[in-house]
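The values are calculated or read from the model by the stated rules, or taken from the named source; none is laboratory data. For clarity, every value in this text was computed on a predicted model and none was experimentally measured. Here the Cβ is made from the backbone with ideal geometry for all residues, glycine too, and neighbour counts use every protein chain on show. Quick note on the areas: whole protein, heavy atoms, side chains included, nothing else; ligands and nucleic acids left out. Shrake-Rupley method; radii C 1.70, N 1.55, O 1.52, S 1.80 Å.
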Amino acid sequence: MEYTHKPVLLDECIEGLAIRPDGIYVDGTLGRAGHSREIAKRLTTGRLICIDRDMAAIEAAQERLAPWMNRVTLIHSNFSELSAVLERAGVPAADGMLFDLGVSSPQLDDASRGFSYMQDAPLDMRMDVSAPLTAYEIVNTWSGEELRRILFEYGEERYAPAIAKAICRAREDTPVETTLELVDLIKGAMPPAALREKQHPAKRSFQAIRIAVNGELDALPPMLHGAIDHLAPGGRLAVITFHSLEDRIVKRTLQDAAKGCTCPPQFPVCVCGNKPKVRLVNRKPIVSGEAELAENARARSAKLRVAEKCDNFDL
């Protein structure tokens, strides 16, 4: 097997997790198992719980993590169910958790999954192929207003109204069935100047539809709260985001957990009794250096935030 792929911000994640050989760790977004391999090889008597909603990732990990399977548990689940997953796995508290958000490289590389706007495929975009909602259903059955909303909110696409109208007009005659059909509609709805921009014209729209298909933003708050609650004192949480919507949710959730007191500023003393659950290891997000950016274009938008469970917080 070839392991030339290097996961984003790998060294920074390993440093941020401060791995102990006897610790219990969670990789909540297994993907190609790049981060998991580096965690697992640092364990002796420890344990690694690997979670992914994509069954293909779970199956591939059997071989990719073969040398360390005596300390690895693979679980097919959505990380929004983190609390329930850890309870079923008999893990009351973990020493570190890592989440690398967004679409994984294998999903992008497999054209048939429908994530890529560069190759033709059926409109799918499901991270879990057993899930009922597909990109085809969104593109062909959701209202024009809902399409406009997700394109604008999830993709931050400034031409969302025009693109939504173009999709609705096209599907009146025949369903939009493939990724490149959708790309052509998106391009046709945008002005010439937008088509000359460095970024692919369909990138934002595909991101928006993918987020809607997989409920990615809805899954973040329960995952983050579950992770914080299930960290052992001194345990580390590391989260990599790839766009501003994800990063905003992660940033605010960690800041709120680090703040503790929720009393109004004018109160002379705290009456709520809330204590900080975590401390922020890095106030500003960690980003890739020039060397990594030269090797991996995907790292350009990556941001890593790390928090540590407070020692005085009761589990």
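Brief remarks follow.
- Qualifying residues in the stretch 288-315 (those that are assigned to a loop (DSSP other than H, G, I, E, B) and without any contact (Cβ under 8 Å) to a residue 60 or more places away in the chain) - the one farthest from residue 246 (Cα to Cα): 314
- Where a residue in the stretch 139-152 is under 13 Å from residue 163 (Cβ atoms) and its partner, wherever it lies, is outside any helix (DSSP H, G or I) and β-branched (Val, Ile, Thr), with Cβ under 7 Å and at least six apart: 139/176
- Qualifying residue in the stretch 263-285 (condition: open to solvent by 70 Å² or more (accessible area, probe 1.4 Å), assigned to a strand (DSSP E or B) and modelled with pLDDT of 95 or more): yes
- Within the stretch 253-262, the set of residues being assigned to a helix (DSSP H, G or I) and among the polar types (S, T, N, Q) comprises 253, 255.
- Counting only helices (runs of 4 or more DSSP H) wholly contained in the stretch 136-252, the ones carrying 3 or more residues that are buried (at least 18 other Cβ atoms within 10 Å of the Cβ) and not polar (S, T, N, Q) occupy 144-153, 160-173, 179-189, 203-214, 216-229.
- All positions within the stretch 3-29 that are open to solvent by 10 Å² or more (accessible area, probe 1.4 Å) and β-branched (Val, Ile, Thr): 4, 14, 19, 24, 29
- Out of 279, 252, 298, sole residue that is of a type in the set (D, E, K, R) and closer than 25 Å to residue 7 by Cβ: 298
- Of the residues making up the stretch 286-303, those that are more than 27 Å from residue 231 (Cβ to Cβ), small (Gly, Ala, Ser) and open to solvent by 50 Å² or more (accessible area, probe 1.4 Å) number 3.
So that you can scan it fast, the table gives a plain yes or no per residue for (1) loosely packed, with under 15 Cβ neighbours inside 10 Å; (2) in contact (Cβ under 8 Å) with a residue 60 or more places away in the chain; (3) in a helix (DSSP H, G or I):
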site: 60; (1), (2), (3): no, no, yes
site: 70; (1), (2), (3): yes, no, yes
site: 74; (1), (2), (3): no, no, no
site: 96; (1), (2), (3): no, yes, no
site: 102; (1), (2), (3): no, yes, no
site: 108; (1), (2), (3): no, no, yes
site: 117; (1), (2), (3): no, yes, no
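- Residue, most open to solvent (accessible area, probe 1.4 Å), within the stretch 30-57, restricted to residues that are closer than 18 Å to residue 131 by Cα and not in a helix (DSSP H, G or I): 53
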